[in-house]
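Since the structure comes first, as structure tokens, the remarks are kept for the end.
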Amino acid sequence: MNRSVRIAAVLVVTLAVAASISAQDEKITAPDPGVPEIFTLQGEFVRLAYNNEGFVTLGFRMANEEVGKEWMLLDVGLTILTKKGSYTLKREALTVTTPDGTTVPLATQRELMEAGYLKALNRRAQVSKDSVNYFPPGANIPCTLRFFAPAGKIAYDQVDVSDDRACFGRVFFKVPGGIQYGQHWFNVQFQSSVVRVPFRVLTEEEGQVLHKQWKELKEQHEAQMKEEW
């Protein structure tokens, strides 16, 4: 395998932002979110994306460990970058787009409780937890995304966001047909724009390559982004 084709193969299967590369000029081509934004890799299973209004971090390791199952757990951090005061972000603002183009809404608290998944999923997620604590310096007041809560606790359908609040939480999606391999997007509709965080559910072979190569791929991706911006 020549160098160009080898680099192409590695990037196509390993960049969890689904980057590909041209065999002719070796230029990384990141997936197109369809909206203006910047995104990057913060870890093997952590992604970050932002525009001039919203800032989102995403941990998606559990999505890769639950392939074929209908419940997807994502670790989420978010804040806003505009200094126009706070506003209310509702649960309807969070969705996931699957590889076949289906947009999946955030599950309801009742759906999750009826499925009996909350305790088991959270327990497994605690074993291999990835930090999503990547925020602008001004976002220094912790807040909790409480769209879901354990039995006996109160869940909320909204959260107040502002540029000084760093909001964390776990969110759940009931995926029709179960979690599939391929390119996904986590979408957050802010007040006047949307941020789409790319994440990829990897095959076992792709995951092995990513584990070995992600730091190098992160550097290549960020170098390309600097050129483009």
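Please treat every number below as a calculation from the coordinates, not as lab data. Just so you know, these numbers come straight off a predicted model, no measurement behind them. Glycine gets a Cβ as well: all are built from the backbone with ideal geometry, and neighbour counts include every protein chain shown.
A few remarks follow.
- Multiplying the residue separation of residue 113 and residue 212 by 0.36 nm and removing their Cα-Cα distance gives an extension gain of 31.9 nm.
- Partners of residue 84 within straight-line reach, counting aspartates and glutamates whose Cα lies under 17 Å from its Cα and excluding those fewer than 8 residues away in the same chain: 53, 160, 163, 164.
- In a simple Cβ point-charge model (Lys, Arg +1; Asp, Glu -1; nothing else charged), the stretch 36-202 has a dipole of about 340 debye relative to its Cα centre.
- If the segment from residue 133 to residue 157 were pulled out straight at 0.36 nm per residue, it would be longer than the present Cα-Cα gap by 6.4 nm.
- Over 20 Å (Cα to Cα) - which of 119/153; 69/119; 174/215; 69/174; 69/212 fall in this group: 174/215; 69/212
- Most to least packed among 69-80, 136-147, 198-209 [average Cβ atoms within 10 Å]: 69-80, 198-209, 136-147
- Extension gain, residue 92 back to residue 192 (0.36 nm per residue minus Cα-Cα distance, nm): 34.6 nm
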